[in-house]
1. State which residue pairs qualify: first residue in a helix (DSSP H, G or I) and at pLDDT 95 or above and inside segment 60-77, second residue among the hydroxyl-bearing types (Ser, Thr, Tyr) and surrounded by fewer than 19 Cβ atoms within 10 Å (Cβ to Cβ) in any location, beta carbons under 9 Å apart, and separation of 6 or more residues or different chains.
2. Read through the list (1) in a helix (DSSP H, G or I); (2) closer than 11 Å to residue 9 by Cβ, then give the number of the only condition that residue 49 fails.
3. Can you confirm whether residue 74 is under 19 Å from residue 178 (Cα atoms), of a type in the set (Lys, Arg) and crowded, with 17+ Cβ neighbours inside 10 Å?
4. For segment 100-125, how many residues meet the condition of being surrounded by 12 or more Cβ atoms within 10 Å (Cβ to Cβ) and over 17 Å from residue 45 (Cα atoms)?
5. Looking at (1) under 20 Å from residue 184 (Cα atoms); (2) surrounded by 22 or more Cβ atoms within 10 Å (Cβ to Cβ), which is the only condition residue 22 fails?
6. Could you please let me know if residue 62 is in contact with a Pro (Cβ under 8 Å, 6 or more places away or on another chain) and closer than 20 Å to residue 133 by Cα?
7. In segment 33-51, what count of residues is obtained for those that are surrounded by fewer than 16 Cβ atoms within 10 Å (Cβ to Cβ) and under 17 Å from the mean Cα position of the chain (by Cα)?
8. Tell me whether segment 165-172 contains one or more residues that are surrounded by fewer than 19 Cβ atoms within 10 Å (Cβ to Cβ), among the hydroxyl-bearing types (Ser, Thr, Tyr) and over 14 Å from the mean Cα position of the chain (by Cα).
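The values are calculated or read from the model by the stated rules, or taken from the named source; none is laboratory data. Being a predicted model, the structure only gives us computed values, none of them experimental. When we count neighbours, we look across all protein chains shown, and the Cβ atoms used for this are built from the backbone with ideal geometry, even at glycine.
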Amino acid sequence: MSRVVIVNYGMGNIGSVANAFERLGARCLVSDDPKVLDLARGIVLPGVGAFHAAVENIRSRGLDDALSEQVLHRKKPFLGICLGMQLVAKDSVELGYALGLGWIDGHVLRLEPKPTRPVPHVGWNEVRHHSDLLFERVQEGAHFFFDHSYTLQCGPELITATCDYGGEWVASIRKDNILAVQFHPEKSQRNGLRLLRNFLNFIDAD
């Protein structure tokens, strides 16, 4: 049985994510086949690019229903990364209105630029996290790598970490078995690997 299935829907730095998990000794399978999700103990949805195109790619491959079956009904551990976090929301205004997977009550809105806050938000930023399994052994105020122009807005009960970028923004969320981060752990060196290890531990405990 494959330990982690990384969903390949034609967008994102799939190779970097797979390499990071493999460095931690995880068995990874990268696939765009909905049937392969049956083999997963944990599912990772990475992503770089536009929300609207991502949703179209996911639906054209029949991955939307398959993901919902595995994550919502079978309760398999799930990790969304960057765009992958935004896709679990109800909708997004990026390049026009588009519906997301709708797993959480949240909306994706544009980060408005300011003199001290250029958009896109690219680079290292401090993450202020709450007590959550993803951040075990991660020092408070650790820095992670961000690259995004849109941000998730949701209720405080879902938020497990924030970052300050001309205001406080959502850096990670959790709803039951659904975990997601706005930053890129696969590009965040030691802290990122610790976070991915914590996700693997979550899979093992499931």
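1. So the pair list comes out empty.
2. Here residue 49 meets the rest and fails (1).
3. No.
4. Within segment 100-125, the subset surrounded by 12 or more Cβ atoms within 10 Å (Cβ to Cβ) is 100-111, 113, 117-122, 124-125.
Applying the additional criterion that residues be over 17 Å from residue 45 (Cα atoms) yields 105-107, 109-111, 113, 117-122, 124-125.
Residues meeting the conditions: 15.
5. (2)
6. no
7. So the answer is 1.
8. Within segment 165-172, the subset surrounded by fewer than 19 Cβ atoms within 10 Å (Cβ to Cβ) is 166-168.
From what is left, the residues that are among the hydroxyl-bearing types (Ser, Thr, Tyr) are none.
Taking every residue of segment 165-172 in turn, none turns out to be surrounded by fewer than 19 Cβ atoms within 10 Å (Cβ to Cβ), among the hydroxyl-bearing types (Ser, Thr, Tyr) and over 14 Å from the mean Cα position of the chain (by Cα).
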